[in-house]
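The values are calculated or read from the model by the stated rules, or taken from the named source; none is laboratory data. Quantities reported herein were computed from a predicted structural model and do not represent experimental measurements. Quick reminder, even Gly has a Cβ in these numbers, built from the backbone with ideal geometry, and neighbours come from all protein chains shown.
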Amino acid sequence: MTDTTLPRGLVQGADGLVRPAWAAASDLLRAYYDDEWGLPVTDERGVFERLSLEAFQSGLSWATVLRKRPAFRDAFAGFDPARVAAFGDADLSRLLADAGIIRNRAKILATIDNARATLRLREDGTDLGELVWSFRPAATPAPRTPDEVPSTSDESIALSRELKRRGFRWVGPTTMFALMEAIGIVDTHLVGSHRRGSSGIWPTT
């Protein structure tokens, strides 16, 4: 059901809740939007998982990644950075043969390299979650239509640069902005959505 009085890009579901159209496209996307997207994730493993999945999503639909997430978790040892960092040639062959995941060699290798870079952060006395969250901006966007949702920011550009400096790969500014959206660093829920401000970090408007 769509309420034609709503701003463009928002729809009202049968449950009466207002969401962006993309989040109403399937039960899977609706559950992800309602229960997960934009809520704060700060722990190392959680941030590493989402950073990895955002890289795999590049050039594909997020629904594809969501459908494959259970298989990704199995294939990548629950995204435990220490275990992924120890992956060798046999693991690479296993992953390339795993039809349950996205079998992109460059992205698989980047995920393994990023796990190793995550461990180096520990050696430097920092943590991936802390590093990523240190790029939280002073204010968040407040988009009213999909066209107003940015794809990058000064902070995502700076985060991308810092992660690359520390040996991370497949962490471009657009991918990092998507990560920042997913883990609550910025709130790009459209104004009027029932999830706007749900992170507890940013206001509803």
Can you list residue pairs whose Cβ atoms sit under 8 Å apart, with the first residue in region 35-50 being more than 12 Å from GLU181 (Cα to Cα) and the second being exposed (fewer than 15 other Cβ atoms within 10 Å of the Cβ) and not charged (D, E, K, R)? Count only pairs 6 or more apart in sequence or on different chains. ARG45/GLY78
Output the residues belonging to region 122-174 that are under 16 Å from GLY38 (Cα atoms), among the polar types (S, T, N, Q) and buried (at least 19 other Cβ atoms within 10 Å of the Cβ). THR140, SER156
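Kindly indicate whether any position in region 1-9 is in contact with a strand residue (DSSP E or B) (Cβ under 8 Å, 6 or more places away or on another chain), in contact (Cβ under 8 Å) with a residue 40 or more places away in the chain, surrounded by 13 or more Cβ atoms within 10 Å (Cβ to Cβ) and more than 22 Å from ILE201 (Cβ to Cβ). Quick ask: steps written out before the conclusion?
If we filter region 1-9 for residues that are in contact with a strand residue (DSSP E or B) (Cβ under 8 Å, 6 or more places away or on another chain), which is where we start, we get 1-3, 6, 9.
Narrowing the set further to residues that are in contact (Cβ under 8 Å) with a residue 40 or more places away in the chain leaves 6, 9.
Among the residues that remain, those that are also surrounded by 13 or more Cβ atoms within 10 Å (Cβ to Cβ) are: 6, 9.
After this cut, where a residue has to be more than 22 Å from ILE201 (Cβ to Cβ) as well, the list is 6, 9.
Among the residues of region 1-9, at least one is in contact with a strand residue (DSSP E or B) (Cβ under 8 Å, 6 or more places away or on another chain), in contact (Cβ under 8 Å) with a residue 40 or more places away in the chain, surrounded by 13 or more Cβ atoms within 10 Å (Cβ to Cβ) and more than 22 Å from ILE201 (Cβ to Cβ), which makes the answer yes.
Could you say which residue among GLY88, GLY46, GLY59 is modelled with pLDDT of 95 or more, surrounded by fewer than 13 Cβ atoms within 10 Å (Cβ to Cβ) and more than 23 Å from LEU190 (Cβ to Cβ)?
Working: GLY46 fails: surrounded by fewer than 13 Cβ atoms within 10 Å (Cβ to Cβ); GLY59 fails: modelled with pLDDT of 95 or more.
Answer to the selection: GLY88.
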Could you tell me whether any residue of region 162-173 is closer than 23 Å to ALA75 by Cα and of a type in the set (D, E, K, R)? yes
Among what's in region 46-87 and is out of contact with any Lys or Arg (no Cβ under 9 Å at 6 or more places or on another chain) and β-branched (Val, Ile, Thr), pick the residue that is farthest from GLY167 (Cα to Cα). THR64
Take ARG103 and tell me if it is over 26 Å from ILE185 (Cα atoms) and surrounded by fewer than 17 Cβ atoms within 10 Å (Cβ to Cβ). yes
Answer residue from region 84-132, given it is charged (D, E, K, R) and closer than 17 Å to PHE72 by Cα and is nearest to the chain's Cα centre (by Cα) among those: LYS107
Of the residues in region 175-190, those that are in contact with a Leu (Cβ under 9 Å, 6 or more places away or on another chain), within 16 Å of LEU39 (Cα to Cα) and among the β-branched types (Val, Ile, Thr) come to ILE183, ILE185
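Find the helices (runs of 4 or more DSSP H) located wholly in region 58-120 whose residues include 3 or more that are touching a strand residue (DSSP E or B) at 6+ places or on another chain (Cβ under 9 Å) and touching a residue at least 40 places away in the same chain (Cβ under 8 Å), and list them.
On the way: elements: 62-75, 81-85, 89-96.
Filter on region 58-120 gives an empty set.
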Looking for whichever is among the acidic types (Asp, Glu), at pLDDT 95 or above and more than 29 Å from ALA31 (Cα to Cα) here; the options are ASP187, ASP113, ASP98. Which one fits? ASP113
Tell me, yes or no, whether region 27-34 has at least one residue that is out of contact with any His (no Cβ under 9 Å at 6 or more places or on another chain), at pLDDT 95 or above, buried (at least 16 other Cβ atoms within 10 Å of the Cβ) and closer than 13 Å to GLY184 by Cβ. no
Selection from region 62-85 of residues loosely packed, with under 13 Cβ neighbours inside 10 Å and under 21 Å from SER26 (Cα atoms) yields THR64, PRO70
Residues located in region 10-34, provided they are in a strand (DSSP E or B) and in contact (Cβ under 8 Å) with a residue 40 or more places away in the chain: LEU10, VAL18, ARG19, PRO20
